[in-house]
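Participant: Okay, here's the structure, questions in a sec.
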Amino acid sequence: MNMLSSDLYLQNKEIIQVIVLILGILILFTAIFGIWSLLNPENKPKEMISRTRSWWTMATIFILATVIHPIVTFAAFALLSFTALRELSSISKNLPKQDIPVVMFGYMAIPVQYYFAYIGNYNLFLIFIPLLMHIFIPFILVLRGRIEGITQSMTVIPTHLMLVVFAISHLAYFLSLPDIDGFNAGGRGLLLFIVFVTEINDVLQFIWGKLLGKHKILPKVSPNKTWEGFVGGLVTTIFVAYFLRFLTPMSGVESMVAGLLIAGSGFIGDVTVSAIKRDIGIKDTGNLIPGHGGLLDRIDSLAFTAPIFFHLIYNLHYS
Amino acid sequence: MRTVFLTLVYKVGMKFFLQVIIGVKYYNKKVLKNQKQFILVSNHNSHIDTMALMVAVPFRKLHKTHPVAAGDYFGNSRFKAFLTKLFINGILIARSKEEKGEFGDTIERLSRKLAKGNSLILFPEGSRGEPEKMQRFKKGIGVLLKQNPNVCYVPVYTNGLGTVMPKGRFLFVPYESDIYFGQPTYAKSMEVEEIAMEIENQILKLKEIFHEKQRNNELEDEQLK
C-alpha cells in the first residue's frame, strides 16, 4: 500500500504543479468573466459567473480533501457517494416509494465498499457491489414480502449503487495502489490526473460546442451536445492527457489512448445521466451546486471515466 | 441556559442530521428573521416535521418557540412528557374534550403563551395521517387567531418527510425533502372557520407554487448560506 504522509505529498513537485495549474485556470476564467461583466454591465454572463464560483468551491474542497490525509480523502469520496445516492433515489421515478427504506442497505454498503478500497483488497472491492449487493438487495426486498413493483426495486437500487458507489469508489482506490519504481506522483497523482482530465474534458466540450457547435449528436437526449463540441473536446483532451502524463507511469502513446478513452467515456456518462433526467422530466438533478445543478450533474462523467481509466492503468502497470 | 441548550440541540446536532444525513432543504426561511412573534402553520406527515421547523427558527427565539403536541400521544407517559418538554420545548394539549381535565383548556393556554410573546408551531391537521396526504384542517387555529389578531401566522409547506419517517415507522431513511416558507400573514377574516380555511388554502397554494418552481428549476436552496 502506498500511503504517503501529507508532508511528503506537499514536497511532491508534480502534484504542486497541477494544483498551480488548476488555480491558474480558475483565475484565468474568473478574470475573463470579470472583464466581460465590466465591459457589458447589462449583459453579464450570469450563469458562467455562478458556474465559475462553484468551480472555485469544488476545486478547493477537492484539493483540500486530497492534501490533508488519506483518511480524509476516503471519507470525502464516501460522503460524495452517499449524497449522490440520496439524490438519485430521491428523484428516481422508477423506485416505488414503499421500497425507499430498502435503500438504507445501499447507504450501509458505502462504508464497506470504501473500507475494501482503503485496505486495498482488490478482489472484495471488485465483487462486493456487482455481485454481493446484487444478491443481497433483492433478498431483502423479498423478505419484506411486498410484491408490487418489486422487479423495479430489484433492478433500480443495485443499478444506482453501481453508478454512484462502485464507480466513484474507484477514485479512492487509486490511493491504495502500490508504489512503482521511478514513478513519484503515486496514487494521488493518478487521482488528480483522472479528475482533472475528466472535468477539463467537460469544460472543453462545452466551450468547443459554444464556439463552433452546429450539428447535434443526440438532440432528443441532450440538445446542447454537438459533434463539433465532442470532437473538439476529444482532440484537446488527448493533448491535455499527453502533457499531464508526468502524473502517471504511462508512456506518451498510452497517455493519448487514456485521453481518448476519458473523453469518450466522459461523454457517455454525461448523456446517460441526461437521458435519465429526460425520462424523469427534470432539467437538473438538484440545486446543490449553483450554476451546475445537483451533485449528479457534476459527477456523471466521472462515474464513467474513473473505472475505465482505473482498469486501463491497472492492467498496464499494476498487474 | 435554555437558549444555549436548544441552540446546541437544533442549530448544531439537528441541523447536521437533517441537512447532511437526511437531505432537508430550506427555501425562503429568511421570512422568519424579522418576525418577533409568529405561529408556524404546516402540513404534518412525520415526527421530523417538528424538528425541521425548529431548526429554521432563529436561535434567539428558539426557547420562546413552542411546538404544540398532542397530549394523548406525547404525554401518555411521564418520561415521554419530560422528553417533549426538554428537547422539543413543546406544549402538551388535549385533542378531545375528555382530556381537558388533564391538560386544561387548549385555546386558553395557547393564548396565554402568545400574550407573553411566545411563538408557536402548529399542525392543524391534528395528526400525521397517511404519508404525503393532507387532511382537512381543524378549526382550533381559527379560534386562536381570532382571539389574537395581532399575531401573524407563517404558512409552511413540507414535502418528502412522510417518506423519511412516515407514521408507524421507527427508523428514518435519508430522502431529499423540502421546507418551503410562505409570507407572514395576519388573519383577514373574523370567522373561525374562514380563518382555518384561508390557511389551508394558502398551504395548498404553496404546494402548487413549490412544485411549479421545482419543475422550472427556479428554486434556490438556502442550505449553504
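The values are calculated or read from the model by the stated rules, or taken from the named source; none is laboratory data. Predicted, not measured: the structure shown is a model, and the values here were computed from it. Here the Cβ is made from the backbone with ideal geometry for all residues, glycine too, and neighbour counts use every protein chain on show.
Participant: If you check every pair at least six apart or on different chains, which have Cβ atoms under 7 Å apart with a residue in the stretch A:65-92 that is more than 13 Å from A:LEU175 (Cα to Cα) first and a residue that is buried (at least 22 other Cβ atoms within 10 Å of the Cβ) and among the polar types (S, T, N, Q) second?
Facilitator: Short answer, once both residue conditions are applied: A:SER81/A:SER169; A:GLU87/A:THR285; A:ILE91/A:THR285.
Participant: Now for a separate question. Hey, among A:VAL203, A:VAL165, A:VAL156, A:VAL197, which residue is out of contact with any Gly (no Cβ under 6 Å at 6 or more places or on another chain), part of a helix (DSSP H, G or I) and surrounded by fewer than 20 Cβ atoms within 10 Å (Cβ to Cβ)?
Facilitator: Exactly one of A:VAL203, A:VAL165, A:VAL156, A:VAL197 is out of contact with any Gly (no Cβ under 6 Å at 6 or more places or on another chain), part of a helix (DSSP H, G or I) and surrounded by fewer than 20 Cβ atoms within 10 Å (Cβ to Cβ), namely A:VAL203.
Participant: Quick check on the stretch A:198-214. Is at least one of its residues over 29 Å from A:LYS13 (Cβ atoms), modelled with pLDDT of 95 or more and among the β-branched types (Val, Ile, Thr)?
Facilitator: no
Participant: So, one more: What residue, among those in the stretch B:134-164 that are more than 16 Å from the chain's Cα centre (by Cα) and within 13 Å of B:SER46 (Cα to Cα), is surrounded by the fewest Cβ atoms within 10 Å (Cβ to Cβ)?
Facilitator: Result: B:THR163.
Participant: Could I ask something else about it? Do we find a residue being in contact with a Pro (Cβ under 8 Å, 6 or more places away or on another chain) and either more than 26 Å from A:ILE289 (Cβ to Cβ) or of a type in the set (Val, Ile, Thr) (or both) anywhere in the stretch B:65-87?
Facilitator: No: the stretch B:65-87 contains no residue that is in contact with a Pro (Cβ under 8 Å, 6 or more places away or on another chain) and either more than 26 Å from A:ILE289 (Cβ to Cβ) or of a type in the set (Val, Ile, Thr) (or both).
Participant: Which residues, counting only those in the stretch B:9-39, are part of a loop (DSSP other than H, G, I, E, B) and charged (D, E, K, R)?
Facilitator: Within the stretch B:9-39, B:LYS33, B:LYS36 qualify.
Participant: Same structure again: Conditions: (1) of a type outside the set (D, E, K, R); (2) crowded, with 19+ Cβ neighbours inside 10 Å; (3) closer than 28 Å to A:ILE61 by Cβ. A:ILE137 meets all but one. Number of the miss?
Facilitator: (3)
Participant: Further question on the same structure: Quick check on B:GLU222: is it modelled with pLDDT under 90, exposed (fewer than 14 other Cβ atoms within 10 Å of the Cβ) and within 14 Å of another protein chain (Cβ to nearest Cβ)?
Facilitator: It is false that B:GLU222 is modelled with pLDDT under 90, exposed (fewer than 14 other Cβ atoms within 10 Å of the Cβ) and within 14 Å of another protein chain (Cβ to nearest Cβ).
Participant: Residues to consider are A:ARG86, A:ARG51; find the one that is within 25 Å of B:ASN217 (Cβ to Cβ), buried (at least 17 other Cβ atoms within 10 Å of the Cβ), out of contact with any Leu (no Cβ under 7 Å at 6 or more places or on another chain) and within 14 Å of chain B (Cβ to nearest Cβ).
Facilitator: A:ARG86
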